[in-house]
Structures are given as structure tokens and as C-alpha cells.
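Asker: Sharing a structure below in C-alpha cells format, with a few things to ask.
The values are calculated or read from the model by the stated rules, or taken from the named source; none is laboratory data. Worth saying up front: this structure is predicted, and the values here are computed from it rather than measured. Here Cβ is always computed from backbone atoms with ideal geometry, including for glycine, and neighbour counts include all displayed protein chains.
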Amino acid sequence: MISRLLKISFSLITAVFIYTSAEACTNVLVSKGASADGSIMITYAADSHALYGEVYFHPAGMFPKDAMLDVVNWDNGKYIGQISQIRNTYQTVGNMNEHQVMITETTYGGRSELEDPDGGIDYGGLIYITLQRAKTAREAIQIIADLANEYGYASEGESFSVGDKNEAWIMELIGKGSNKNRKGINTRKGIVWAAAKVPDGYICAHANQARINHIDFSDKNHENWMWAEDVVDFAREMKYFKGKDEDFSFCDSYAPLTFGGARGCEARVWSAFNILGEGVIGGKDANEYLDYAMGYNLKNKMPLFTKPAQKVTLKALSNVMRDHYEGTPMDMTKDVGAGGHQCPYRWRPMGFKVDGNTYVQERAIATQQTGFWILCQARNWLPDEIGGILWFGVDDAATSALTPIYTSCTRTPVCLREGNGNMVTYSPTSLFWLSNRIAQFAYLMYNRVQPVVRAHADAHELKCIEEVKDIDANALKMYKVGEEPNMELRRYLTNYSCKAANELFQDWSNLNNFLLVKFMDGNIKYQNEDGSFTTNGNTNVIPKFPAQPGYTKEWYERIAKDHGKTLMVPTSDKN
């Protein structure tokens, strides 16, 4: 495998990994038949070195005829222009709306010549504006296509996860570039796209690489497939594809796979499938696709969908988002980059050179540059006011916790509210900044600190999962058919959502203080059975002399190999 790697263009690898380090997110989609409780679930790690973790909240609105809506680029805050506003919009909470519709994304880029510099709506605008307008996933897919075609698409190639309380879809789209006529009108304005429904009982995932391969064009009623009418013809026009429709591949035509696309992106899909499939992907041993995931055999494509080994629980799905390739050849705790505390993180950039050779840093699902991560849950056996829950977390999924927010809430928790701090303004009441403080501590002594943080995250999530059962039952008693809005019900769900988030903030505040006392200066203070710190027996303010575990055995061996001649104690002094 290594010999094959060395034959790959090093300049291409470096370029690809510089890109994926900037825009790198992960989605996992779970159909009703694949989930333990029959809900639709979609996860999203919104990863960006400049993205702040906060809950976007937009109440339902009524607007006058001919009202206009400003469009601002979600990535960089640049004003793009205006589009027509509709008369009535739905409430949105993060990446879900009041009808349990959910939309998340990963950027795959694709062919650069298909970007439209004059596009009127970016991918973030497509997500959050569509959520204000769609009552179903299918409706959302059509609205996305219509908006992009009417105003022009201002972003790179995107994979969208689109779901509601009954269905989950993967939608992939890309612009058509710019080809202005004499009047300055772009004759290619709009997008080409394809969408596939996740079959019941299956899961799907995408992570910054286009994944829709062959499209079933025989599905004339669009039960399981939808596509742009010119999705094949445009590829032929651009000379990306020649052949029969049945041989057409969206991903091969519009986003050809490279080593970097496999290693930095498809590898995360492989890992999610491997975990939930318990070593089986598409009926095969997951290791049969390992050469593909690692970028050595790009023809050995994984299936778009796979069956999980067991029905997927909410907790199991949240744990997938904490993966660092543990137990695989890409496990980042095993090489010297992990340091003396088995840290599964590599600071950017994702590629580096030594002696003329180019190497890669792994890009796992859990990563340090996460702004927020979510698990959207839609439940069709409950009224929309109760059924939709946005499980929301901030910063790195491996060192943070999800907390439930009902999508009918009337306000968001203060610690997660928009405007409570930003990426250049610290706020002591922001869960994002508090979570980052804890994460930075964990990265220093990962194998010591992270298990403590993880125990707290698990405790909060498991507690909330149980609480939600009672909250649902109580809310159903308050629910009154035909009474909209049911403000008593909405206040009840709002109060619980805020209470749960506030409890997490308080627990994290206490944890932050505890970690400093417990692990200060690389030492580990002893604790009594009741959790208090053990003192020296003479006074209550001086601790028992702390444990000093140092580093891992492997790290000491590497130090000795690297610098042993200088550090070695003479034989006569060893005792």
C-alpha cells in the first residue's frame, strides 16, 4: 500500500488536504427502519476554523407582498444580494424547522470551473431559507433546486442531507459555472443535481466527497430518486461524460475522486459504516473497502447505503460522531504525532513535507475545529410541536455533550443563543467558549483528561434521553388538536430545553474547575470515595503527594531513540 501511495502526485495530495482542512464536515443519515425507535436521525458536524457555535433561531413570520430577503454568505458574512420573500415562513431552530424538516451539509467542491462568481444564493442560504419554506423533505429538495436555478448558485459542490419525519434523502448539487452572453447574462445560471432516498432499514453518510454514483432513471415517479432534467446532458456538454444514461455517475462526472478525497473524506464514511455495521459494509467485510478509504484503490467504491448491524440508538449515533479511527490502521493515537498522552489530533495543515516527500495527517470525524455538532431527530408518531428535537452540541464532539432543544420552543438557551460571544469575542456565559476551554485542557493530557470529560458528556446525554420520555408524555397531555399555536405546550417544551442546557453549562463550569485542580502541572491528585480530594493527613489544605504518571511507554522509547545520547544516565549513576 505504501508503495502505491508514493506513486501519487504529491502536489495533488497537498492541494487536496489544504482544501479539506478548510471545509470539512460529516453527516450520517438513519432511516426509520434502521433506528431503534423508528425516528429519522441526521447528524452534522459543522467544521470550520472560523465558525462559532450557537443556535440559529428564526420564529415563523408574516411578510407583505413584494417583500425582499437579504442573502448573506454563511461562510464569510459577505452580503450577496436580495431574493423575493414569501408571505409566510416557518419557525426554524438550528438546522430543523417546526414541521420536523432537517437539512445539513458537507462541501465536496467538485470541478472548480462550475463555480458561478455572480451567484445569488450560497449553500448556507439554501439551507436556512429552505427550512423556512418547506413542510417535507421532498418539498425542500425542490425548493433548493428552484432557488438555485432562479437566483444562481454562489458556492461549490455540496452534499445535502434532507429529512423529515418519514424520509431521509442525500442530495448532491453543483453549479454550472459562468458563460455570459453579450448582454452580460449568464446562460448557465443554476445547478445540476441528484437526490436519493435512504432505503428503509439502511443508513447513509457523506463527508466532503460526492457519493451518488449511478442514478435509477427508470424511477419515473421519483419514489426513490430525483434529479435535474439536464444532469446527464450538461455533463456531456462539458465533456465530463460520454456514454449511455444508465452508465452515468454523478460523482465521477462532477467531482472525480482523488487520493485526498478518499483519505480525508471517504475514510470518515468508511469509519461510520464500519462502526454501525460492526465490521460489515454492504454485506462485505469492511476491511475489503479499507484500500479505498485509505486512497490506494479508488475503483473499489463503497456502496451509497449500508445496513447497520443493529437498530441505531440516539446514543450510539452520537458516539459515532466522536470517532478518531480508533482500532483501525488510521488510528491517530498510535504514531509519534500522538505525543506522550495518545492525543488523536493533528493541528493543521493536513499535509507536510520532509526530505522532499509529502505526507498526510488523518482527518477523523471528531475534530478540533468543530463550530457546532447536532443530531436532528424527527418522530412521526408525535405531533410536530413535540416530535422534532435538535440535539445540539458545541466544539469538538469528543469533548462536548449534546443537549435537547425542541423545535417548537419560543426561545433558545442563553448559553447557546445567537450573539452571546463570537469567534473574536469571549463570553463567560457561552457554552462554546466553556467547551473550548475544557477541550484545550483535554488535548494537553488526552489519555488522562478525556475519559473524565467523556463520562460527564455521557451522563448528560443519557439523563436527557430518559427525561425526554417523560417530557414527551407530559406534552402529549397538553396537546390540543387544532389549537395553534399551543402556547402552554410550547412554553413547557421551551422551559425544559433551556433547563437542560443550563444544567449542562453548570456541569461544564464545575468540570472546568475540577480539571484544573485535579490535573494541574501534569500531576494527578488523589480522590476519596466521595469525590473530595485526599489531603496529606496533617491539614485539609495540602493534598496527598500527587501521582505523577508521566508519559506513555512508547513515548519514552521514542525520546530515548531520538535524544538518548544526551539524556542517558551513566551506568555508575543508575542506582
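Asker: Of these, L276, L257, L317, L290, which one is modelled with pLDDT of 95 or more and closer than 27 Å to E115 by Cα? Break it down into steps so the answer makes sense when it comes.
Answerer: Values: L276 fails: closer than 27 Å to E115 by Cα; L317 fails: closer than 27 Å to E115 by Cα; L290 fails: closer than 27 Å to E115 by Cα.
Checking each option against the conditions leaves just L257.
Asker: Residues being hydrophobic (A, V, I, L, M, F, W, C) and surrounded by 13 or more Cβ atoms within 10 Å (Cβ to Cβ): count how many of those fall in segment 534-554. Show your work before the answer.
Answerer: If we filter segment 534-554 for residues that are hydrophobic (A, V, I, L, M, F, W, C), which is where we start, we get 541-542, 545, 547.
Okay, now just the ones that are also surrounded by 13 or more Cβ atoms within 10 Å (Cβ to Cβ), so none.
So the count comes out to 0.
Asker: Of the numbered conditions (1) assigned to a loop (DSSP other than H, G, I, E, B); (2) crowded, with 20+ Cβ neighbours inside 10 Å, E158 fails exactly one; give the number of that condition.
Answerer: (1)
Asker: Determine which member of the set G77, G61, G109, G94 is crowded, with 17+ Cβ neighbours inside 10 Å, under 30 Å from T425 (Cβ atoms) and either over 19 Å from the mean Cα position of the chain (by Cα) or assigned by TED's automatic domain parsing to the domain that holds F250 (or both). Let's see the steps before the verdict.
Answerer: Details: G77 fails: crowded, with 17+ Cβ neighbours inside 10 Å; G61 fails: crowded, with 17+ Cβ neighbours inside 10 Å; G109 fails: under 30 Å from T425 (Cβ atoms).
G94 is the lone residue from the list that is crowded, with 17+ Cβ neighbours inside 10 Å, under 30 Å from T425 (Cβ atoms) and either over 19 Å from the mean Cα position of the chain (by Cα) or assigned by TED's automatic domain parsing to the domain that holds F250 (or both).
Asker: If only one of R87, R138, R133 is farther than 25 Å from R411 by Cβ, in contact (Cβ under 8 Å) with a residue 24 or more places away in the chain, surrounded by fewer than 22 Cβ atoms within 10 Å (Cβ to Cβ) and among the basic types (K, R), which one is it? Explain how you work it out, then say what you get.
Answerer: Values: R87 fails: farther than 25 Å from R411 by Cβ; R133 fails: farther than 25 Å from R411 by Cβ.
Step by step, each of R87, R138, R133 is checked, and only R138 is farther than 25 Å from R411 by Cβ, in contact (Cβ under 8 Å) with a residue 24 or more places away in the chain, surrounded by fewer than 22 Cβ atoms within 10 Å (Cβ to Cβ) and among the basic types (K, R).
Asker: Can you tell me which of (1) surrounded by 18 or more Cβ atoms within 10 Å (Cβ to Cβ); (2) in a loop (DSSP other than H, G, I, E, B) is the one P349 doesn't meet?
Answerer: The one condition P349 does not meet is (1).
Asker: Just to be sure, is D472 within 35 Å of the chain's Cα centre (by Cα) and charged (D, E, K, R)?
Answerer: Values: within 35 Å of the chain's Cα centre (by Cα): yes; charged (D, E, K, R): yes.
Considered against the rule, which asks whether it is within 35 Å of the chain's Cα centre (by Cα) and charged (D, E, K, R), D472 comes out as yes.
Asker: Going by the structure shown, is E557 without any contact (Cβ under 8 Å) to a residue 12 or more places away in the chain, part of a loop (DSSP other than H, G, I, E, B) and either among the acidic types (D, E) or surrounded by 13 or more Cβ atoms within 10 Å (Cβ to Cβ) (or both)?
Answerer: The answer is no for E557.
Asker: Can you pull out the strands (runs of 3 or more DSSP E) entirely within segment 168-276 that have at least 2 residues that are over 19 Å from Y289 (Cα atoms) and touching a residue at least 12 places away in the same chain (Cβ under 8 Å)?
Answerer: On the way: elements: 168-175, 191-197, 203-206, 225-227.
It comes to 168-175, 191-197, 225-227.
Asker: Follow-up. Can you give me the number of residues within segment 517-533 that are surrounded by 13 or more Cβ atoms within 10 Å (Cβ to Cβ) and either in a helix (DSSP H, G or I) or without any contact (Cβ under 8 Å) to a residue 12 or more places away in the chain (or both)? Spell out the reasoning first.
Answerer: Initially, segment 517-533 is screened for residues surrounded by 13 or more Cβ atoms within 10 Å (Cβ to Cβ), giving 518-519, 522-527, 533.
Now narrow it down to the ones that are either in a helix (DSSP H, G or I) or without any contact (Cβ under 8 Å) to a residue 12 or more places away in the chain (or both): 518-519, 522, 527.
Counting residues in segment 517-533 that are surrounded by 13 or more Cβ atoms within 10 Å (Cβ to Cβ) and either in a helix (DSSP H, G or I) or without any contact (Cβ under 8 Å) to a residue 12 or more places away in the chain (or both) gives 4.
Asker: Could you go through segment 482-497 and let me know if any residue there is of a type in the set (S, T, Y) and in a loop (DSSP other than H, G, I, E, B). Show your work before the answer.
Answerer: In the first step, residues of segment 482-497 are kept if they are of a type in the set (S, T, Y); the result is 492, 494, 496-497.
Filter again for in a loop (DSSP other than H, G, I, E, B), leaving none.
Looking for residues that are of a type in the set (S, T, Y) and in a loop (DSSP other than H, G, I, E, B), one finds none in segment 482-497, hence no.
Asker: Same structure again: How about segment 213-233: which of its residues are among the hydrophobic types (A, V, I, L, M, F, W, C) and under 17 Å from A145 (Cα atoms)? Give the steps one after another, and end with the answer.
Answerer: Within segment 213-233, the first condition is being among the hydrophobic types (A, V, I, L, M, F, W, C), and the residues that meet it are 215, 217, 225-228, 231-232.
Once the filter is applied, which keeps residues that are among the hydrophobic types (A, V, I, L, M, F, W, C) and under 17 Å from A145 (Cα atoms), segment 213-233 yields W225, M226, W227, A228, V231, V232.
Asker: If M96 satisfies every condition in (1) without any contact (Cβ under 8 Å) to a residue 24 or more places away in the chain; (2) in contact with a Cys (Cβ under 8 Å, 6 or more places away or on another chain) but one, which is the exception?
Answerer: Condition not satisfied by M96: (1).
Asker: Then there's this: From Y325, Y296, grab the single residue that is part of a loop (DSSP other than H, G, I, E, B), within 27 Å of H456 (Cβ to Cβ) and touching a residue at least 24 places away in the same chain (Cβ under 8 Å).
Answerer: Working: Y296 fails: within 27 Å of H456 (Cβ to Cβ).
It is Y325.
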